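Q: Below is a structure I'd like to ask you about.
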Amino acid sequence: RLATPLVALGASAGTHYPSVAKRLGAKLHVPSHADVANAVGAVAGHVRLTMSLRLTEDPAGGLTLFLAEGPKAFADRACASAAAEDALRTQIAAASAKAGAPDAQITLDWCLNEAEMDGRRVLVEGVLSATASGRPATIA
């Protein structure tokens, strides 16, 4: 038995909840527009996606960026880093738009793991992480 009334929300509020309230011995309250209450909650929600790319360096100093379409070779780190950031920003923007948040804020963050090898710093692995976060678009 419930001490407080049962509040029914969602498309099935008027269909399923009366029998649930009866079984619980509870008073039932079905607000007006209960059938769209969950939809309003979803729109008031938040979309958050994360993705990452990896960059490695071979012993000769060449770099490999692992993109969704396959690995791509680079001669210098600045070019590889710029390509990674452009590719990941484009990829996560498209994914967040598909998830309902076309105007999501995108942040990028590099985590670089380096080691000393033959007297020089070598990139063992660089991981670029992107986060897209925003409110779902509403339909006017």
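The values are calculated or read from the model by the stated rules, or taken from the named source; none is laboratory data. Everything numeric here is computed off the predicted structure, so don't read it as measured data. In this analysis, Cβ positions are derived from the backbone assuming ideal geometry, glycine residues included, and neighbour counts consider all displayed protein chains. When the accessible area is computed, the model is the full protein with side chains, heavy atoms only, and any ligands, DNA or RNA have been set aside. Shrake-Rupley method; radii C 1.70, N 1.55, O 1.52, S 1.80 Å.
Q: I need to check one value: relative contact order of region 71-140, counting alpha carbon pairs closer than 8 Å and at least 6 residues apart, in percent.
A: 31
Q: Dimensions of region 75-138 along principal axes (Cα, Å, largest first)?
A: Cα spread of region 75-138 along its principal axes, largest to smallest: 57, 19, 12 Å.
Q: If you roll a 1.4 angstrom probe over the protein chains with everything in place, what fraction of the accessible area of the chain belongs to carbon and sulfur, to the nearest %?
A: Taking all protein chains in place, the chain shows 56 percent carbon and sulfur surface.
Q: From largest to smallest, what semi-axes in whole angstrom does the chain give when each is the square root of 5 times an eigenvalue of its alpha carbon gyration tensor?
A: Values: eigenvalues 553, 56, 21 Å².
For the chain, the semi-axes come out at 53, 17, 10 Å.
Q: Continuing with the same structure: Explain nothing, just the number: relative contact order of the chain, from Cα pairs under 8 Å at least 6 residues apart, as a whole percent.
A: Relative contact order, the chain: 24 percent.
Q: As I understand it, the value is the acute angle between the Cα axis of helix 13-24 and the longest principal axis of the Cα atoms of the chain; what does it come to in degrees, rounded to 10?
A: Value to nearest ten degrees: 70.
Q: Once label points are set 7 Å from the Cα along Cα→Cβ at both residue 27 and residue 125, what is their separation, rounded to one decimal in nm?
A: Label at residue 27, label at residue 125, 5.9 nm between them.
Q: Hey, rough spin-label estimate for residue 12 and residue 117, points 7 angstrom out along Cα→Cβ, what's it come to in nanometres?
A: Once both label points are built, they end up 5.7 nm from each other.
Q: Next question, about the same structure. Along the charge dipole of the chain, Cβ charges K/R +1 and D/E -1, which of 117, 136, 79 sits furthest on the positive end?
A: 136
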